[in-house]
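Read-outs: derived from the displayed coordinates by stated rules, not from any lab. Keep in mind that what you see is a predicted model, and the values were worked out from it rather than measured. Here Cβ is always computed from backbone atoms with ideal geometry, including for glycine, and neighbour counts include all displayed protein chains.
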Amino acid sequence: MSASERLRVMFGAAPLKPERVTPAAQQVHQLKRMTKADFEALKQHARDHQLVNHKWRNRRWAVLLLVNLLFTFSFWLDIQMLEGSLTASRFVGFHLIDLNSALQVMLAHRHVIVNLFIGTATVFVLWVALGGRSFCSWVCPYHIVAEWFEWLHLKLAARKLVSDHEFHRGARSVLWFAFALLAVLSGYTVFETISPTGILSRALIYGPSLALGWVLLLLLFEVLYSRRAWCRYVCPIGMTYGMVGAISPLRVEYRLEHCFHEGDCRKVCLVPHVLDVVIKGRAADLKTPIGPDCTRCGLCVDVCPSGALVFGIKGLNRLL
Amino acid sequence: MNDKRETEAASEAAPLSPAGEAAPVVNNRRARAPVRKQANRRKFIRSAVMIGGVLGLAMLGYVPVAGAQRTRLRPPGALEESDFLASCIKCGQCVQVCPVAAIRLDDIDSGFGIGVPWIDARAQACDFSCDAVQCILACPTGSLTYHKPAALATRPGMPLARAPLLKAKEKDAEPTLNLAERMGIARLSRPDSCLAVQGKGFRGQARGADFRGRLRYVERDRWRPVAVRDHPYERDLCNLCVSECPIGDAITMLATVAADGRRQYQPQVLEQCVGCGVCEMICPVDPAAIVIDARQPWAI
């Protein structure tokens, strides 16, 4: 714009389009040009961010509550569908035995009867099919309670009243071996004493116990000191089912093309290290399965506005 | 915060640096490393303390087990105590099948015994209303078992001399219980307060109107146990522990003649006693004159 042109605009004339644009500026303009489709996609993406979707969370909570209530009502109302508690039960007569509890008993007692073996094998096959750590997020009663208290932790953390103190994730592996070793050496199922999963499951079925005080302390620790500390750094049950999940075909898949690398998934994830692949530049291929430590909770699937994370079954083209 | 300040300091220093352009980058790394190292060290120490804490708390469960003042009465067919705690998977399936709800689960104050079944015989004894010892059938790990494997410990005096006769099944083709070992043994611990010893009878509800315990009275209903308070007694000489005992030849009323010619009575526990606790539950005096010594052998 020439000096006279600028003066003319000051005195009241309308600004005109420039007659000549430098090549450098032309190049920048070119880069900024969008097709209509691009523009609409951008708008749509921004709008999708506003959509709050809790599809998988709602399904998961429903399943978790249903399973635990089925235990409770099988006893209370004597409908006898799922008798026992999460450590061991019978589903219409078929033995089901929690893998970690079975491990503790086998190591402590060193005598395996047929029913114990059958129940353990059944549950092993079941969770290989269903995704291993999906036990954690879809069945474990401590998970849902911890999820609710995590919400409190995040509220307090946003106001800077508390902060998350991380532990080394290797701690869980150390504890897994330590509890296995203690069972062998002491001859007692040491872990069961403090297992909030067993305590909560029994409390839901057989009525409240003093042990709920311990569970409450754990939850307070997670709210005030370290986010989801038990599930992330301690629980050997999660570790056991994680190993099962390593050979499971059911997992969350990451699709690079759909990803905007905004990282919302990592913020909601219980185990964000499994989502390292979503960081810009990390994905080795167009599709990447998420690792065995993933609890298949679906929070990332819900939160991703562009469908970059979806449930998938290995070997099946059709995605859920 | 610290991190940022040091980075700023490094970039401010850059123009003054005579060493050229690479210098600020090197400085920057040197300034940041100790902070990261310190954070990692803190995390490591924090994790080690946490691991120690979790293991320590779990091992605290040994304290109530080691210093067990009370020996719990366990359900029928239970392995020896240490084997029992090791093999029990804490699922409570035995609780669910008991028709008189005699079995309850231990709490965290029992340490390693958390979630392990026991019976408070005074409140609700095992009266074998189920006939087949359902809790043993329900147990998925063999903690409660019909046939103990030879490798597992057995104390002398625990195995029963012969299969116990269940009075309720007396007329059945198979009148015995599938139970190889006793749960404990009954003992007349307070003979002075025993009504029979005093030569007294008993009339009314054995344990009062508020007692919630139930018992199978075969003559009323073989399959539906009845609340003890709904079954009042009328006895000229109290013999509830003998008459309500569900097992044959487990207890008898011993009658002797004293020097002055008066007849004297005293309940006498016999070797076939399985230690189920019905006598302790039904004893109308408080505290009970006859009790179960949980997990104790027959020793005479």
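For the reader, a short list of remarks on this structure follows.
- Of all aspartates and glutamates in the structure, the ones whose alpha carbon falls short of 19 Å from that of B:LYS43, not counting any fewer than 8 places away in one chain, are A:ASP164, A:GLU166, A:GLU222, B:ASP3.
- Relative to the longest principal axis of the Cα atoms of chain A, helix A:99-109 runs at roughly 30 degrees.
- Distance between segment A:173-250 and segment A:147-166 - C-alpha centres, whole angstrom: 21
- Potential extension, A:TRP61-A:ALA46 segment - 0.36 nm per residue separation minus Cα distance: 2.6 nm
- Choice from A:LEU31, A:LEU126, A:LEU219 showing the highest fluctuation, given a GNM over chain A with Cα pairs closer than 10 Å: A:LEU31
- Annotation for segment A:261-312: trypsin sites (Lys or Arg not before Pro) lying in DSSP loop with at most 11 further Cβ atoms inside 10 Å of their Cβ are A:LYS280.
- Span from the segment A:253-272 Cα centroid across to the segment A:27-50 one, whole angstrom: 21
- Taking one quarter of the surface of the convex hull spanned by the alpha-carbon atoms of segment A:250-313 gives a direction-averaged projected area of 3.7 nm².
- Diffusion coefficient of the protein assembly as shown by Stokes-Einstein, Kirkwood radius over Cα pairs, 4 °C, 1.567 mPa s: 44 µm²/s.
- Theoretical ellipticity at 222 nm over chain B - DSSP helices of four or more residues, -39500 (n - 2.57) apiece, nearest 500: -8000 deg cm²/dmol
- Unpaired cysteine residues in chain A (no second Cys Cβ under 4.7 Å): A:CYS136, A:CYS140, A:CYS231, A:CYS235, A:CYS259, A:CYS269, A:CYS294, A:CYS297, A:CYS304.
- Remark: spin-label model distance B:ASP109-A:ALA14 equals 8.9 nm, labels positioned 7 Å along the Cα→Cβ axis.
- Computed on the Cα atoms alone, the convex hull of segment A:164-280 gives a volume of 151 cubic angstrom per residue.
- Computed over segment A:55-243, relative contact order equals 28 percent, with contacts defined as Cα pairs under 8 Å that lie 6+ residues apart.
- Selected from B:GLU219, B:GLU244, B:GLU234 as most flexible by GNM, with chain B as the system and alpha-carbon contacts under 10 Å: B:GLU219
- Most mobile listed residue (A:GLY213, A:GLY198, A:GLY245) in chain A, GNM with C-alpha springs under 10 Å: A:GLY213
- Set against the 2.2 N^0.38 Å expectation for a compact globular protein, chain A has a Cα radius of gyration ratio of 1.35.
- Computed FRET value (nearest 0.05) for B:LEU60 with B:HIS231, which takes r as the C-beta separation and R₀ as 45 Å: 0.50
- Surface/4 of the Cα convex hull for chain B, nm²: 25.5
- C-alpha center-to-center spacing [segment B:31-108, segment A:286-307] in angstrom: 34
- In segment B:214-300, the ratio of gyration radius to Kirkwood radius, Rg to Rh, stands at 1.00 when only Cα atoms are counted.
- A DSSP coil position with no more than 15 other Cβ atoms inside 10 Å describes the following trypsin sites (Lys or Arg not before Pro) in segment A:1-81: A:ARG20, A:ARG33.
- Kirkwood Rh and Cα Rg combined as Rg over Rh, evaluated for segment B:139-225: 1.05
- The label-point distance for B:ARG222 and A:LEU69, in a model that sets each label 7 Å from Cα toward Cβ, rounds to 4.0 nm.
- Long-range HN-HN contacts of B:GLN264 with modeled amide H, under 5 Å: B:THR256, B:VAL257, B:ALA258
- Pairwise label distance in nanometres, A:PHE221 with A:VAL184, each label 7 Å out on the Cα-Cβ vector: 2.5
- Ordered from longest to shortest, the equivalent ellipsoid semi-axes for segment B:173-269 are 26, 20, 13 Å, each the square root of 5 times a Cα gyration tensor eigenvalue.
- Angle between chain A longest axis and helix A:55-76 axis [Cα atoms, degrees, rounded to 10]: 20
- Relative contact order, whole percent, for chain B stands at 18, derived from Cα pairs under 8 Å and 6 or more residues apart.
- Residues B:ASP249 and B:GLN198, FRET efficiency given R0 of 30 Å [Cβ-Cβ distance, rounded to 0.05]: 0.75
- Projecting the Cα atoms of A:PRO305, A:PHE191, A:VAL268 onto the charge dipole of chain A, computed from C-beta unit charges around the Cα centre, puts A:PRO305 farthest toward the positive end.
- About its Cα centre, the dipole of segment B:201-300 is roughly 280 debye, where the only charges are +1 on Lys and Arg Cβ and -1 on Asp and Glu Cβ.
- Taking only the alpha carbons of segment A:78-163, we obtain Rg and Dmax values of 17.4, 55 Å in that order.
- Theoretical gain in end-to-end length, B:ALA163 to B:ALA68 [0.36 nm per residue, Cα-Cα removed]: 31.1 nm
- Distant alpha-carbon pairs in segment A:1-106 (separation over 24 angstrom), percent: 66
- Sequence-separation-based contact order of chain A, relative, with Cα cut under 8 Å and 6+ spacing, percent: 21
- Cα long-axis angle, helix B:2-13 against chain B (0 to 90 degrees, to the nearest 10): 10
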